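One structure below.
Any read-out appearing in this document is the output of simple, stated calculations on the displayed coordinates, not a laboratory observation. Keep in mind that this is a model prediction, so the values were computed, not measured. Cβ sites come from the backbone with ideal geometry, for glycine too, and all protein chains shown count toward neighbours.
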Amino acid sequence: MSLETLSTAAPRLTRPAIGSATLSVIVALYLIFVTNGTFWTKAVDYLGAPSFGLILLGIGLFALFSAVCVAVSVKYLTKPVFIVLIMSAAAASRFMDHFGTVIDVDMIRNAAETTGSEAGHLLTEGFLIHMTLFGVLPSVLVALVRIQHRPFFQKFKWNMALVLSCLAVFASVGLANVRTFAATTRQHRDLMATLNPVAPIVSVVRYVMASEAEKDIVVQSLGADAHVIAPTASGKPRVTVIVAGETARAENFSLNGYARDTNPELGRQDIRYFTDTSSCGTATAVSLPCMFSVYTRSTYTHQKGLETENLLDVLTHAGIRAEWWDNNTGSKALANRIAYTSLSTINDPRFCKDHECLDDVHLDRLGAWLDAVKGDSVLVLHQLGSHGPAYFQRYPDAFRRFTPDCRTPELGNCSRDEIVNAYDNTILYTDHVLSTVIDMLKARENRMAGSMIYMSDHGESLGEHGLYLHGAPYFIAPSQQTHVPFVLWQGTEAKVGTNQTCLQAKTSEPQSHDNLFHTVLGMMNVATKVYDPALDVLASCRGGAAS
C-alpha cells in the first residue's frame with residue numbers, strides 16, 4: 001500500500017464546532033458560577049439561602065456576564081479575550097478563596113511593586129494545581145474548539161438581540177429586588193469588591209491609568225524652612241534609628257498583652273510601648289509612604305505622597321544626615337533624594353538566600369555606621385520582619401521557639417496552630433533585632449544622644465474571619481491588619497526635658513502612623529512650619545517642644 005493510499009485512508013481528526021453565542025454563554029456560566037466561590041459565599045451569608053434575592057442575583061449576574069461575553073465574541077478576538085478572562089479569573093479566585101484577598105487598586109499596586117523572591121512564595125504547588133484545573137484546562141478547551149461565526153451583518157443583528165435581551169433580564173431582576181440589593185451592597189461593600197473577574201480587571205485598569213498620570217508628577221518641596229533649634233547640651237549628635245517594621249501585628253506582642261512571651265528582650269529594656277496604634281493602610285505600598293508623609297490617613301492619597309517631599313527630605317533641609325537601608329521591596333520612592341542601600345540586592349550569603357535576608361543583615365552593619373556618625377543623623381532600617389506566607393524563612397533556627405511551626409509557604413498544608421507558631425517566631429526575632437539596636441545605641445551613649453522608634457507598616461491576618469496575609473481594603477480590614485506595634489526608646493540624654501510619667505500615661509492613648517512624621521521632628525529638635533505638636537507624642541510631655 002502506497003503512502004498516498006495510507007494518507008487517504010487515515011481518519012482525519014476534526015475539532016468540535018460551536019457557535020460563538022453558545023460559547024459566550026458557556027464562558028459566562030463558568031466565570032460567574034465556578035470562579036466566584038468567595039463572592040457566592042458572601043452572597044449566601046448576606047442574602048440567606050435559599051432566598052428569592054439570591055436566586056435573582058444569580059440570574060441577573062449570569063445575564064450580565066452573558067451580555068458582555070456575547071458583545072466581545074468578535075472573530076479573531078473571541079478566543080484571546082475568553083482565555084484572558086478565564087486565566088485572570090482563575091488567578092484571582094486562588095487568592096480570594098484561599099487567603100480571603102480583595103483585589104483592589106492598592107493590592108494591584110502592592111503586587112506590581114513586589115520582588116520576584118517575595119512573589120515566588122505565592123507561586124506554590126497549590127497555586128499551580130489551581131491554575132491548571134481552573135485556568136489552563138478551560139483555556140485549552142476554548143483554544144481547541146472551532147468557533148462558528150455568522151456572516152457579519154447577521155452576527156451583528158443576532159448578537160445585538162442577545163445582548164439587549166440579557167441586559168433587559170439584568171435590569172428586570174435588579175428592579176424586581178432593588179431595595180434588597182441596594183441595602184445589601186450599601187451595608188456590605190465587600191460583596192461587589194469580590195466579583196470575579198470584574199473587580200480585579202477594573203482595579204488593574206484603574207492602577208494603569210493612575211500610573212500613567214503619575215509619570216508627570218513633579219515633587220513639591222516641603223519644610224524648606226526646617227532647622228535644628230539647638231544642639232544638645234553636651235554637644236553630642238542626636239541619632240535616631242527608625243525601624244520600619246513589616247507585617248507585625250500588635251495582637252501577638254506580649255508587650256500588648258499577648259499570652260505568649262514574644263518580647264522577652266524588649267521587656268527588659270526601658271522602652272515605651274504604645275498599646276493602641278493604628279496603621280495608615282494594610283499593605284506596604286500604602287502604609288510606608290503614608291507613615292513618612294506629612295499627611296494624616298484621612299487626607300493621604302498615593303498621588304499626594306508622590307508629589308510631596310517626606311519626613312526624610314525635611315530632615316535633610318534641616319541639615320540632618322538621613323539614610324535608608326532596605327531589606328524589603330524598596331522605599332516606595334521615600335529615599336529617592338537621600339543615601340539608599342538595598343541589602344537584599346547585596347545578597348550577603350551570611351544572611352541572605354535568593355535575595356531575601358534575615359534582619360540580622362541590618363545589625364551586622366549598624367555598629368560601624370554608628371561609630372562613623374559625626375553629626376545629627378537619622379537612619380531608617382526597613383525590615384523584612386514577619387512577611388508571609390513564608391514565615392518560617394523570616395527567623396533563624398535559634399528563634400524557632402514555638403513549635404511545631406509551619407515550614408512551607410503553602411498555608412493550606414499547615415494547621416492554624418502551626419501557622420501561628422511560625423508567625424510568633426518572627427515576632428520573637430523582631431524583638432531581638434529591636435533590642436539589639438537599643439543595646440548598640442546604649443553602648444555609644446558617651447558619644448551620641450541616641451533614640452529608636454519602631455512602627456510596623458501594617459498587621460497580618462492568620463485565619464481570623466477566614467482571612468490570611470494582609471491587604472484588605474481599610475473599610476473592611478480587621479483589627480489584626482490595622483492594629484500595629486509602636487515602640488519608643490530614648491537614651492539618657494535624649495530623655496532630658498521629657499516628663500517620663502506624662503509619657504507613660506500617653507502610651508495607653510490612641511496613636512497612629514500620623515504621629516511618626518511629627519514625633520521624629522520633635523525628637524531631632526527640628527523647627528518648621530509643617531511640624532504639628534499635636535501629632536508629636538512627646539510634645540505635651542516636654543518642657544519646651546519644637547515649634
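With viscosity 1.002 mPa s and temperature 20 °C, the Kirkwood radius over alpha carbon pairs of region 128-241 converts through Stokes-Einstein to a diffusion coefficient of 98 µm²/s.
Can you put Leu133, Leu64, Leu85 in order of Cβ neighbours within 10 angstrom, beginning with the fewest?
Numbers: Leu133 11, Leu64 21, Leu85 25.
Result, fewest neighbours first: Leu133, Leu64, Leu85.
Can you find, among Leu195, Thr426, Gly100, the residue sitting farthest towards the positive end of the charge dipole of the chain, where Lys and Arg contribute +1 and Asp and Glu -1 at Cβ? Toward the positive end, the furthest listed residue is Leu195. Other residues whose C-beta falls under 15 angstrom from the C-beta of Ile438 contribute a net charge of -2, scoring Lys and Arg +1 and Asp and Glu -1. Rounded to the nearest 500, the helix-only mean residue ellipticity at 222 nm of the chain stands at -13500 deg cm²/dmol, with each DSSP H run of n ≥ 4 adding -39,500 (n - 2.57).
If you average the sequence gap of Cα pairs under 8 Å that are 6 or more apart and divide by the length of the chain, what percent do you get for the contact order? Intermediate values should be presented prior to the final figure.
On the way: 948 pairs, mean separation 107.5, N = 547.
Reported relative contact order: 20 percent.
For region 20-55 and region 152-178, what is the separation of their C-alpha centers, rounded to whole Å? When both Cα centres are located, 18 Å separates them.
Here the spin labels are modelled as points 7 Å beyond Cα on the Cα-Cβ line, and at Phe52 and Ala534 they lie 5.2 nm apart. Ordered by the number of other Cβ atoms lying within 10 Å of each residue's own Cβ, fewest first, Asp276, Asp97, Asp106 fall into the sequence Asp276, Asp97, Asp106.
Provide the FRET efficiency to the nearest 0.05 for the Ala224-Cys502 pair, computing r from the beta carbons and using R0 = 56 Å.
Details: r = 32 Å, r/R0 = 0.58.
Efficiency, from the Cβ-Cβ distance: 0.95.
Shown is the FRET efficiency for Asp364 and Ala119, computed with R0 = 25 Å from the Cβ-Cβ distance and rounded to the nearest 0.05: 0.45. Applying D = kT/(6 pi eta Rh) to region 227-541, where Rh is the Kirkwood radius over alpha-carbon pairs, T corresponds to 4 °C and eta to 1.567 mPa s, the Stokes-Einstein value obtained is 66 µm²/s.
Value of Rg to Rh for region 241-364, rounded to two decimals, is 0.99; Kirkwood radius and Rg both from alpha-carbon coordinates.
Please sort 17-29, 165-177 by packing, taking for each peptide the average over its residues of neighbouring beta carbons within 10 angstrom, highest first. Show your work: numbers first, answer last.
On the way: 17-29: 18.7, 165-177: 16.1.
The most tightly packed comes first, giving 17-29, 165-177.
More than 42 angstrom separation, counting every C-alpha pair in the chain; what % is that? Before the final figure, lay out the partial values.
Details: 47566 of 149331 pairs.
The proportion of pairs with Cα distances above 42 Å equals 32 percent.
Here the residues Glu214, Glu323, ranked from fewest to most Cβ neighbours within 10 Å of their Cβ, fall in the order Glu214, Glu323.
With only the Cα atoms considered, region 17-213 has a convex hull volume of 144 Å³ per residue. Length, then width, then depth: along the principal axes, the Cα atoms of region 184-307 run 60, 47, 21 Å. In µm²/s, what is D for region 69-154 at 4 °C and 1.567 mPa s, where D = kT/(6 pi eta Rh) by Stokes-Einstein and Rh is the Kirkwood radius from Cα pairs? Value of D from the Cα-based Kirkwood radius: 86 µm²/s.
Applying a 4.7 Å Cβ-Cβ cutoff to the chain, the cysteines left without a disulfide-compatible partner are Cys69, Cys166.
Given Lys374/Lys442; Lys79/Lys155; Lys236/Lys332, which pairs have Cα atoms separated by over 23 Å?
Working: Lys374/Lys442 17 Å; Lys79/Lys155 17 Å; Lys236/Lys332 32 Å.
From Lys374/Lys442; Lys79/Lys155; Lys236/Lys332, over 23 Å: Lys236/Lys332.
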